[in-house]
Every structure is written in structure tokens, then in C-alpha cells.
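Have a look at the structure below before the remarks.
Laboratory data are not the source of any read-out in this text; all were calculated from the coordinates shown. Just so it is clear, the structure is predicted and the values come from calculations on it, not from any experiment. We place every Cβ from the backbone using ideal geometry, glycine too, and count neighbours over all the protein chains shown.
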Amino acid sequence: MVDLRPVRPDAEPAAPPPDHRHAKRRSRLARLDMKLSPYLFISPFYVVFLIFGAFPLVFTLWVSLYNWGLASGTREFVGLENFRFLVSDADFWHSVVNTFGIFFLSTVPQLLIALLIANTLSRRMRAATMFRIGMVVPLVTSTAAVAIVFTQLFDRDFGMINWLLDLVGVNPIDWQVSRGWSWVALATMVNWRWTGYNALIYLAAMQAIPKDLYEAAAIDGASRIKQFWRITVPMLQPTIIFTVIISTIGGMQLFVEPVLFGTGTPNRMDGGAVHQFQTVTMYMFDNAFIHDRYGYGATIAWAVFVLIIIFSLLNFLAIRRAGGAK
Amino acid sequence: MTTISLPAWGRRNGKRPQYRLRGLWDASPLTYVTLIFALVLSIAPIYWMIVVATRTNEVVGDVPPPVTPGGNLGSNIGRLFDNPDAYFAKGLVNSAVVASSVTISTVFFASLAGFAFAKLRFRGKNALLLTIIATMMIPTQMGIIPLYMTMVKLGWQSHMQAVIVPFLVTGFGVFMMRQYAAQAVPDELIEAARVDGCSTFRIYWSVVLPALRPAAGVLGLFTFMQTWNDFMWPLAVLNPENPTVQLSINNLANAYFKDYTLMFAGTTVAVLPLLVVFIVFGRQIIGGIMEGALKA
């Protein structure tokens, strides 16, 4: 390739005639700059990712083949023993059930309510920006702070939620002790934080739906509710898939809320006295960082990773099927 | 997963849709009732946090509960910073350092790489971009155990670089900046700068970066918020005596879980920087979410 770019005159020394060798070196440098700069520019990401992202992920598999303790200094190759143990580990499956339970209680109502709020927000109204900003206030709070506040709200004796329930004649609920109610409490925290975020994502997608569709439906006499289910929801299908997958990845890794919800118990990674709200991530953390079983912790990490992939795929297929059936 | 792209940046500035049927999209009273109800639910827990933080422990369990702020915020915050187990001042400083350095570095490296992917020609570009998209789907928490082992090997555990260096740039940031750069920076501008003899980095610095400012701002905001909030990794790798602010409030929740006013003063101060950011940049945050800029 011939370099046709003119050399900037003011960059050259003024007095002597143009130095041919100098110009040549400049153009060679420029070509080198063109060739190498792109790789130089993208390299920081790859360096960081390879060292702190890819390597740990692969190394997790390696660690999972060992009986590995950092404090005790144990490092003993056990092959697939950890995986064999995992399959029959009742505590692990218990935590899987907890994670899925909380996940369903959070994702399903959350996305349904988000859809309805988005539909409401898409009307022409006063103070639209204020309402939108209000919806994401929960998102800009810290997860740990919110978990602490909600744990107090769900307190059996002094919590406001039991007080409100009492006003309508419901007996106080021991939110931390009951397995089902603790799931509800944790799902409430997740829902509170993420509903507005999902509503805004849906709103953005709704605004891209051509308005003529609704006008045609209205002329044909379709009610608003019918329009919502027959036009809005099918048109939002890709967005719904996106939010479900994001929620799946987040839900399978739920950690902060249940850890702080267990405040006051001896080991908060247990998720309650009988592990009633211990999630898989807590179980992994407990094994590795509390009980010095890094090998087994790594095994759990891989299992969760596989669970996330399978479950995301299932969700994806289910929603696409549901959409196609309409 | 490609829906994560940024399809119509600046759609807000586009033309208003034409309404042929008057009244079809107007809000009804029910709309306002629903939204005001949702708004109250959104804000109530934060309001309650502030109410408790300004009260004394005696009145928190009162029936009916207090609903207005009291006058004890100062003394509660005083107790917070005097608390021997929270290391609260240290936590605040650490969090500020960590969140700002991660934010600046992420915006810089992500926009640099995003520019390269969007506007420069090089061998293997598409394949490399694909690997970046693939990395976005890896749940980061899953690598935490070997990451911790790496930190032990490097001798970084309980030092702040352990929560900074692994997050200096993210695949998500690169991809987001690439999407924005592809449409926000005209090729002619880059060509013109080349003709003028600018080096590639000079083009980035003087031509591309200014054009990327809106997207860089959104990325910066979200990176700051996420880093400020990070909990699990700091909990694993830092020790309670040298915490981030989230670990400080965790220390409080651990040891003083019946001292609500102290805990809530802590959470209020921990949330405050985020609320300030939000009040100043609320509109940009809304725009960012609506254009798919935030990954959960």
C-alpha cells in the first residue's frame, strides 16, 4: 500500500531541504501505528480477562479435582470424588431447591408487574419523567443496605410488615424461621429492587412497537386488555427473553440478601438454623471460605455454572414456544 | 443475548409519533393511581431507613411506628464513626478510591477498545469481538475461588488492589462502547484526522473520546454504582479491619443487629453517594437503562 498522506509542513525542520530519510521513517512509523494500534488498544481487556476471568474459570475445574485447603495446606488429588459427593449431597440439593424457590417467587411476579407498569408508563401523561425516575430509585441503593432495612421490616416482633398485617387481622409471621415465608421475604427484596428496572426496559421496547397496530386493533374493536395481550406482549418477546435470562443469571447467584437476612445467627452462610434460605452461592462460599474446602467449593461453582446454562436455555425455549403458540 | 445492543440511541430526540386517534394513549385516573402507588412503594423503604437513622432505638418498635424524621441523625452518625468494629471512615475512603479508580479505568480502556473494534481495521477483528460477547455471559461469581487463590499467591488479599485490578475493564463496557462508537463517530472525521497526520492514539484522544462522551458517562455511572455496591468478592478477599463501606455496614449488621439506629445511620451514609449521583444524573441513568446499558 502506498502512503499518499502529505507530511505536515510545520512538523518538519524549516531551514534544511526535506530530509528524505526522515520522511521515510515517519511513514514507516505511521504504518506501524496503523498496524499495531488496534491490538494495543484492545489488549488491556484481554490481559485483565485472561488473568482474572478465563484463568480462574478453567482453574476452578482443576481445583475441583482436589481436596484443597488453604489454611490446612492440604492438596490431595481425588479425581471426580467431589462430583460424586455432590450428586448425593443433600445439603447441596436443599440449597438448589431454595435458590429455585426464591427465583420463581421473585422473577414471575416481578416481570408481570414490570410489564403492567411499563404499559401504564407508556401512556401520555403529566410528570412522566418523575415517575420513570421514581421507578429506578431502588436500583441506586446499595444491595446490602436494602437487605438490612428489609430484614428489620420483616422482623417478627418489631417489623412494620407484621404490624401492617396485624392491622388487617393477620397473625404475626416469623419470616426468618419458616422456609416458605423466608423465601417470600427474600423475593420481596429482589422484586423491590428490580421491578422498576425491568419496567423501563419493557417501556423502551414498547415505544418501538408501531402505533398503527394499536390503531388498527382499536378500530376493529379490540379492548385495551386484548391489545395488551395480543399486540404488546408478543411484540415484546425478545425483550422478555432478555430479561428472563438476566434474571436467571442474577437469581441463581443470589447472595447478599440472604446473607444479611440471616443476621443474628451464628454462621450467616448457613441461611438460617435449618438452612431454610441457604442459596447455592452461600453454600459454595460456606464450603470454601468458612470451612476451608476450596476443592469442594469449586465443584459447587461448576455445578451452579452448568445449572445457569441449562436453566437459561430451558427458559429461552419455553418463552419462544409460548410466543410461537399464540 | 444480542438484544443487549443499543438499538436506537437518542431515540428520545427523534420525532414525536403522530397520533391519529385522539385519546388512545392518554392517561386515565387509574394510570396515576397505579403509578403513585408504585412510586410510594419504591421510596417507602428508603424513607423508613432515613426515619430510623434520625431517631432513637426506643421509638423504632413503637406502635404505630414513627413516620417522620427525628433529631438524632447527628448523634447516630457520631456513634457510627466512633464504632470500633465498623471501621466506617476507612470503609468510606476505601470505597471512594476503589469505585473511582475502577470507573476511570473502565471508561478509558473500554472506550479505547470499543473505538478499535468499531472504527479500525485489523486481522481477526470479528472473531475477537465474538470472544468479548461470550465473556459477557460468564457469571463472574463462579470464578471466585481460584481468583482468591490467585490473590493469595500475589499476596494481595486484604489489600485494595484485590478489588480493583480484576475489574479494570469489562467485556460489557467494551461492547457497549463499540456499539456507540460505530454510529456516533463518522468515518470521515477519523480519515480527516489521519490526513492531518494524527497518530491513532491522538485520534482516539482528540476526536473519538469527545464524541463518545454520552455513552462514556452512562458506562461510568453504572460502573461506579456497581463497584460501590459490590459485596461478595470484597467479603471473600478483604478483612473486616480494612473494609469497603459495604463491608463496614456488614460489620455493623454482624455485631450490632439490634442497634437499628446505628445500622440504619450506616446504610444511609453508604447509600448517600449513590443517591447524590442519582439526583444529579437521574435522566442519564433512565436513558441508559432504556437503551440497554445496564447488565444486572
Next on the checklist: Just to check I understand the Karplus step: with θ = phi - 60° and J = 6.51 cos²θ - 1.76 cosθ + 1.60, what whole-Hz values come out for region B:145-162, glycine and proline as x?
Outcome noted: 5, x, 4, 5, 4, 4, 5, 4, 4, 7, x, 9, 5, 6, 10, 5, 4, 5
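Given R₀ = 30 Å, FRET efficiency for A:Ala216-A:Ala318 by Cβ-Cβ distance, to 0.05? Walk me through the intermediate numbers first.
On the way: r = 30 Å, r/R0 = 0.99.
Computed FRET efficiency for A:Ala216 and A:Ala318: 0.50.
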Next on the checklist: For q values of 0.14, 0.17 Å⁻¹, compute log₁₀ I(q)/I(0) with the Debye formula on a Cα-only model of region A:42-134, without solvent.
Outcome noted: -0.85, -0.93
Item to check | Between helix B:171-184 and chain B: long-axis angle, C-alpha atoms, 0 to 90°, nearest 10 | outcome: 50
Next on the checklist: Could you tell me the extents of chain A's C-alpha atoms along the three principal axes, largest first, rounded to whole Å?
Outcome noted: 97, 74, 42
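Listed highest first by mean packing, meaning other Cβ atoms within 10 Å per residue, what order do A:181-189, A:261-269, B:190-198 come in? Don't skip to the end; give the middle numbers.
On the way: A:181-189: 22.6, A:261-269: 17.7, B:190-198: 15.3.
Peptide ranking by packing, descending: A:181-189, A:261-269, B:190-198.
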Next on the checklist: Quick check: the angle from helix A:237-252's long axis to the longest principal axis of chain A, C-alpha only, nearest 10 degrees?
Outcome noted: 70
Checklist outcome for this item: To the nearest 0.05, the calculated FRET efficiency linking B:Lys125 and A:Arg31 through their beta-carbon distance, R0 being 25 Å, is 0.85
Item to check | Amide proton proximity set for A:Tyr66, modelled H, under 5 Å, gap of 5+ | outcome: A:Val78
Checklist entry - Could you give the alpha-carbon Rg of the protein assembly as shown over 2.2 N^0.38 Å, rounded to two decimals? => result 1.06
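Taking a temperature of 25 °C and a viscosity of 0.890 mPa s, what whole-number D in µm²/s does Stokes-Einstein yield for region A:109-183 with Rh from Kirkwood over alpha carbon pairs? Present the calculation step by step, with values, prior to reporting the outcome.
On the way: Rh = 15.0 Å.
Once the numbers are plugged in, D ends up at 163 µm²/s.
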Item to check | Residue among B:Gly155, B:Gly124, B:Gly171 with the largest mean-square fluctuation in a Gaussian network model of chain B, springs linking Cα atoms under 10 Å | outcome: B:Gly124
Checklist entry - Of the residues B:Phe37, B:Phe278, B:Phe224, which exhibits the maximal mean-square fluctuation in a Gaussian network model of chain B defined by a 10 Å Cα contact cut-off? => result B:Phe37
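With +1 on each Lys and Arg Cβ and -1 on each Asp and Glu Cβ, and nothing else charged, work out how big the dipole of region A:153-259 is about its Cα centre, in Debye to the nearest 20.
Values: 7 positive and 8 negative charges, 60 e Å.
With Lys and Arg at +1 and Asp and Glu at -1, about 280 debye.
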Item to check | Inter-centroid distance (Cα atoms) of region B:218-261 relative to region A:50-83, Å | outcome: 27
Checklist outcome for this item: Listed residues A:Ser27, A:Ser95, A:Ser178; largest mean-square fluctuation, Gaussian network over chain A with Cα springs below 10 Å, found at A:Ser27
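Using the C-alpha atoms of region A:141-227, what convex hull volume per residue, in cubic angstrom, is computed? Please report the intermediate quantities before stating the final value.
Numbers: hull volume 12.5 nm³, N = 87.
So the per-residue Cα hull volume is 143 Å³.
D for chain B, whole µm²/s, Stokes-Einstein with Kirkwood Rh over alpha-carbon pairs at 10 °C and 1.306 mPa s: what number?
71
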Next on the checklist: Testing the spin-label approximation: label points 7 Å from Cα along Cα→Cβ at B:Val97 and B:Arg202. State their distance in nm.
Outcome noted: 3.7
Checklist outcome for this item: Taking alpha-carbon centroids only, region B:82-154 lies from region A:139-162 a number of Å equal to 30
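Beyond 22 Å, what percent of the Cα pairs of region A:203-326 remain?
Details: 4217 of 7626 pairs.
Considering region A:203-326, 55 percent of its Cα-Cα pairs are separated by more than 22 Å.
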Checklist entry - On a 0 to 90 degree scale, rounded to 10, what angle separates helix B:213-229 from the longest Cα axis of chain B? => result 30
Checklist entry - In terms of Cα to Cα distance under 16 Å, which aspartates and glutamates are near enough to B:Lys258, apart from those fewer than 8 places away along the same chain? => result A:Asp155, A:Asp157, B:Glu58, B:Asp62, B:Asp85
